[in-house]
Amino acid sequence: MRSGRRPPGRPRLADLAEPTEVGILRASASLFMEHGYRGVTMDMVAEAAGLTKAAVYYHFHDKASLVVATMQRTFEGARVGTERILAKPRPLAERLEEMAQVVLALPQPFVAFNALMHEAQAELSPDQIATLREAEASVTVPLERAVFRAAASGEIQVEDPLLLVHTFVAALRVGQTIAPDGVPIFPDRQRTAKVLVSMFWQGIGRA
């Protein structure tokens, strides 16, 4: 039987002044990233959030709906963060570098999402899968707008701004590459961000 006492340290999410559903989603995000879809149970989520399993089921009727809500919230946070960086009144190259530094410092969001989707797909409905794909696509919208504005103003010269956006995102995925031994191939994330943007800028920047 689990004791009601717990060691001192960081408070459980349920102890913080935030809605119960937010606490559940925070806990589940960490668990899904660490253990994958199959490795997470509703009991684990309840324990991490400091709630009963009944409380978790009250908000999310099964693990599939929980992972969908978790990833939607994660993507929305990424979209808002990207939008905040790209809205700054600075040259596009500087904003892209800051964005790259933030993305490369994250614990493999692209890899983690693809792994989650692969594991969860059999339990997700077509509508749920479509919802997640739409949420994933929304993250690049602020980048698309920034690049199209830069192209329209003459700050950059590029024939296909949309292709540039998706190529840049793909480059960020490369920057997160992990070797078979689990060590990042490009451990200096700040330098990697600078090099990636520099390579792009030499191709798209006005001479």
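The values are calculated or read from the model by the stated rules, or taken from the named source; none is laboratory data. None of these values were measured; they are calculated from a predicted model. As a convention, Cβ positions derive from the backbone with ideal geometry for all residues, glycine included, and neighbour counts pool all protein chains shown. These area figures cover heavy atoms from the full protein model, side chains too; ligands, DNA and RNA do not enter into them. Shrake-Rupley method; radii C 1.70, N 1.55, O 1.52, S 1.80 Å.
Observations, loosely collected:
- Surface share of carbon and sulfur [accessible, 1.4 angstrom probe, percent] for the range 54-173: 58 percent
- Taking all pairs of distinct alpha-carbon atoms in the range 70-157, Kirkwood radius in angstrom: 14.3 Å
- Value of [θ]222 nm, deg cm²/dmol, for the chain, DSSP H segments ≥ 4, -39500 (n - 2.57) each, nearest 500: -21500 deg cm²/dmol
- Interatomic Cα distance distribution for the chain, bins of 5 angstrom, percent: 1, 7, 13, 16, 16, 14, 12, 10, 6, 3, 2, 1, 0, 0
- For q = 0.13, 0.18, 0.19, 0.25 Å⁻¹, Debye-computed log10 I/I(0) when each Cα of the range 144-207 counts as one equal scatterer: -0.42, -0.70, -0.75, -1.05
- Taking all protein chains together and a 1.4 Å probe, the residues ILE85, ILE185 rank ILE185, ILE85 from largest to smallest accessible area.
- Label-point separation, ASP160 to TRP201 (7 Å along Cα→Cβ), nm: 2.5 nm
- Charge sum, other residues only, whose C-beta stays under 12 Å from VAL139's C-beta, Lys/Arg counted +1 and Asp/Glu -1: -3
- Nearby lysines by direct alpha-carbon distance to LYS63 (threshold 17 angstrom, same-chain neighbours under 8 apart not counted): LYS53
- Going by accessible surface with a 1.4 Å probe and the largest first, GLU97, GLU21 read GLU21, GLU97.
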